[in-house]
């Protein structure tokens, strides 16, 4: 009985510790690391920094991170804040996919990670739409969504170039989803 209690206390402490780690601090401290490929010219780079992903999906502790993120996401009631959280999750997964694609033997995991990133981006759009219907000012966040989507598309192209020829078409679905999301984000922008 005491051994089980020790495990419970250990895992709760670990969960609490990982939930207190500020994700945005990692992103700002590691801007140079956030996009590991330095082959593209600065003029073609989108001026948007992806959040640092932390541990990657192939890490043993990754399921704990997913549980933590699910709990945090569930506790956010405000639709705009939930959209911001979903965008953060998207950014982390897009960047994680880039790290995985650059690592050689984990390219298949990069594809599934990108697909999950697209799911989070779709949720961010839906929550932004809801916040707009509720009368919240979403203009600056819609601009951020627009810029983020452009960066995500750029990273997907970069990942596609890293994949072997027979795997490149696997990303076509993700690219098409991101392009359709760009249209949805544009519809959220006010008409001039």
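A compact table of results
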| item | result |
| --- | --- |
| Computed lengthening from residue 58 to residue 175, 0.36 nm per intervening residue step minus Cα-Cα distance | 39.8 nm |
| Ordering of 138-144, 179-185 by packing [mean C-beta count within 10 Å, highest first] | 138-144, 179-185 |
| Separation in nanometres of the label points that stand 7 Å from Cα toward Cβ, at residue 157 and residue 112 | 2.9 nm |
| Sequence ranges 87-98, 66-77, 146-157, ranked by mean other-Cβ count within 10 angstrom, highest first | 87-98, 146-157, 66-77 |
| Three-way shape label, segment 37-192, alpha-carbon gyration tensor, a/c 1.5 | oblate |
| Rounded, prolate or oblate (a/c below 1.5 giving rounded, otherwise prolate when a/b exceeds b/c) for segment 101-192 by Cα gyration tensor | prolate |
| Estimated FRET transfer efficiency when R0 is 41 angstrom, pair residue 66-residue 183 (beta carbons, to 0.05) | 0.90 |
| Computed label-point distance, nm, for sites residue 4 and residue 143 using a 7 Å Cα→Cβ extension | 5.6 nm |
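Read-outs throughout are calculated quantities, based only on the coordinates presented, and are distinct from any laboratory measurement. Here the structure is a predicted model, which means the values were calculated and not measured. Using ideal geometry, Cβ is built from the backbone for each residue, glycine included, and neighbour counts are taken over all protein chains shown.
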